[in-house]
Amino acid sequence: MRKILEQCPSCGEPLVVTELQCPQCQTQVRSRYAPCPFCALTADQLLFVKLFVEKRGNLREMEKVLGVSYPTVRGKLEEIAERLGDAPVPAEPPAPEPAQDERREMLRLIAEGKLSPREALARLRKEQAARTEA
């Protein structure tokens with residue numbers, strides 16, 4: 001399982017996800033996204049969590065599968081719990097800006113054939129110019 005790059009390769013500071021893109025229609029969404037708490041786990045810790053779920057939390061079963069002692073399994077679980085406790089909790093998503101609502105409305109009108117893409121583009125450019133001047 002490949003994880004996203006979490007730290008700047010240059011200075012080591014945490015990276016922030018700011019853009020998502022649909023591979024089908026190329027729609028791009030830009031904002032600031034908080035990673036999920038599980039993104040803070042290492043690859044080994046994620047595998048441990050996966051096994052924990054598969055074994056329905058039975059530490060004795062995990063002890064057998066991993067070939068380690070019960071205290072070792074318990075220690076790994078405590079380590080993961082601490083790491084998850086320190087992980088940033090994702091904030092509520094921000095309320096949509098009025099501009100986003102207007103854009104959604106334009107897309108709906110285009111889909112219904114009540115607005116041409118050319119007219120929508122003109123509106124968007126006018127809206128952008130107004131924001132730039134403000």
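The values are calculated or read from the model by the stated rules, or taken from the named source; none is laboratory data. Predicted model, so just to flag it, every value in this text is computed and none were measured. Here the Cβ positions follow ideal geometry from the backbone for every residue, glycine too, while neighbour counts run over all protein chains shown.
Some points to look at:
- Remark: pairs (first residue in segment 54-68, in a loop (DSSP other than H, G, I, E, B); second residue modelled with pLDDT of 90 or more and among the small types (Gly, Ala, Ser); Cβ separation under 8 Å; 6+ apart in sequence or on different chains) are absent.
- As a summary of the residue check, residue 11 satisfies the conditions (1) of a type in the set (A, V, I, L, M, F, W, C); (2) in a loop (DSSP other than H, G, I, E, B); (3) within 16 Å of residue 84 (Cα to Cα) except for the one numbered (3).
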